[in-house]
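All remarks here apply to the structure that follows.
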Amino acid sequence: MPTSLTKAFIYAAGFGTRLRPYTLHTPKPMLEVFGRPMIEYVLCYLRAVGVEHATVNAAWLAEAFASLPDRAAALGLDLALSVQAEPYEHGGDLATATAFLDSLGEDEVFLALNGDTLFWLDPAFLKEAVAEVSRSAPLLILGRETEANPLHLRDGHLVGIGSHQYRAEEPDQHFDDFGVKLMHGSIRRFLPAPQTTMSLHGDGGLIDRILADGGRVLVRPIAEASRVEIGTVDDYEGRENNDALRALARRLCG
């Protein structure tokens, strides 16, 4: 049973349309926040929880990520770029990162997370969650309660997202996706061919394929966490006066 995390896949290929015009010339994860690219705070967290190797996928303005491996090395993290022609969504992006997939051990668990959100999770909590991921449950979504709560659960298993129902079971819990997932290396058998679009949810999506094969998708609630998302132009322009963002950035990278 896996109990450690040494690898991570970071999604960073999106267009960042909600932050235009800033993202017309710089991809959102590389936008500056308190003197560092936004994604660097994610890298600082990965090192804090023991991750040694990370792969960042890039498409929109991919050349802007060229300095990132050196910045990661300065943090003690080995980082590779997986450059693709365009975004292919969750399943397709991962499927296109063939070198990353080939590096995974038979029973290895890895982190899959976004490169444009600052967050902190208790490393002990994350280690406990790793032990729940397996070949029969290759995807674990970390969730928390919000006003939206689009994830519908029954006995800790995902049965629907929003209006899409995967199983005809009445949910007993509702959560929101925190943006951090744990995946088992065997998840590759559910992925499409490289450079093929596949969403996380919906008909024919990654979750749909896992459940159709008899697998389980778990959702583990987060009791305590810090998370600040810069999702709008107003958020980005107001970053210098955002005390919560500044405190989280300091906690992550010092």
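Nothing in this text is a laboratory measurement; each read-out follows from the coordinates by a stated rule. Predicted, not measured: the structure shown is a model, and the values here were computed from it. For neighbour counting, all protein chains shown are included, and Cβ atoms are generated from backbone atoms with ideal geometry for every residue, glycine included.
To the nearest 500 deg cm²/dmol, what mean residue ellipticity at 222 nm is calculated for the chain from DSSP H runs of n ≥ 4 alone, each contributing -39,500 (n - 2.57), summed and divided by the residues? The helix-only estimate for the chain comes to -6500 deg cm²/dmol at 222 nm. Go ahead and run the numbers for FRET between residue 86 and residue 223, Cβ-Cβ distance against an R0 of 45 Å, rounding to 0.05. Calculated transfer efficiency: 0.75.
The gain in end-to-end length when the residue 17 to residue 233 segment is fully stretched comes to 76.8 nm, 0.36 nm per residue minus the alpha carbon separation. Taking other C-beta atoms within 10 angstrom as a stand-in for reagent exposure, 41, 88, 236 fall in the order 236, 88, 41, fewest first. Taken about its Cα centre, the chain carries a charge dipole of roughly 340 debye when the Cβ of each Lys and Arg holds +1 and the Cβ of each Asp and Glu holds -1. Share of pairwise Cα-Cα distances greater than 27 Å in region 7-253 is 34 percent (whole percent). As a length-normalised measure over Cα pairs under 8 Å and 6 or more apart, the relative contact order of region 42-147 settles at 26 percent.
Within the shell defined by Cβ-Cβ distances under 15 Å, the residues around residue 72 carry a net charge of 0, with Lys and Arg each +1 and Asp and Glu each -1. Length gained on full extension, residue 102 to residue 36, computed as 0.36 nm times the residue gap minus the Cα-Cα distance: 20.7 nm. When 93, 177 are sorted by how many other C-beta atoms sit within 10 angstrom of their C-beta, beginning with the fewest, the order is 177, 93. Look at the alpha carbon pairs under 8 Å that are at least 6 residues apart: their mean separation over the length of the chain gives a relative contact order of 24 percent. Using a simple spin-label model with pseudo-atoms 7 Å out from Cα toward Cβ, residue 174 and residue 155 lie 2.2 nm apart.
Placing dummy labels 7 Å off each Cα toward the beta-carbon, the span from residue 61 to residue 250 is 2.9 nm.
Report for the chain the percent antiparallel among DSSP-assigned beta bridges with both residues inside it, nearest 5. Present the calculation step by step, with values, prior to reporting the outcome.
Values: 27 of 47 bridges.
If I count the DSSP bridges inside the chain, around 55 percent turn out antiparallel.
Taking Cβ atoms as reference points and 11 Å as the exclusive limit, the residues near residue 175 contribute a net charge of -1, counting Lys and Arg as +1 and Asp and Glu as -1. Whole angstrom only: what separates the Cα centroid of region 57-84 from the Cα centroid of region 175-235? Cα centres, region 57-84 to region 175-235: 22 Å.
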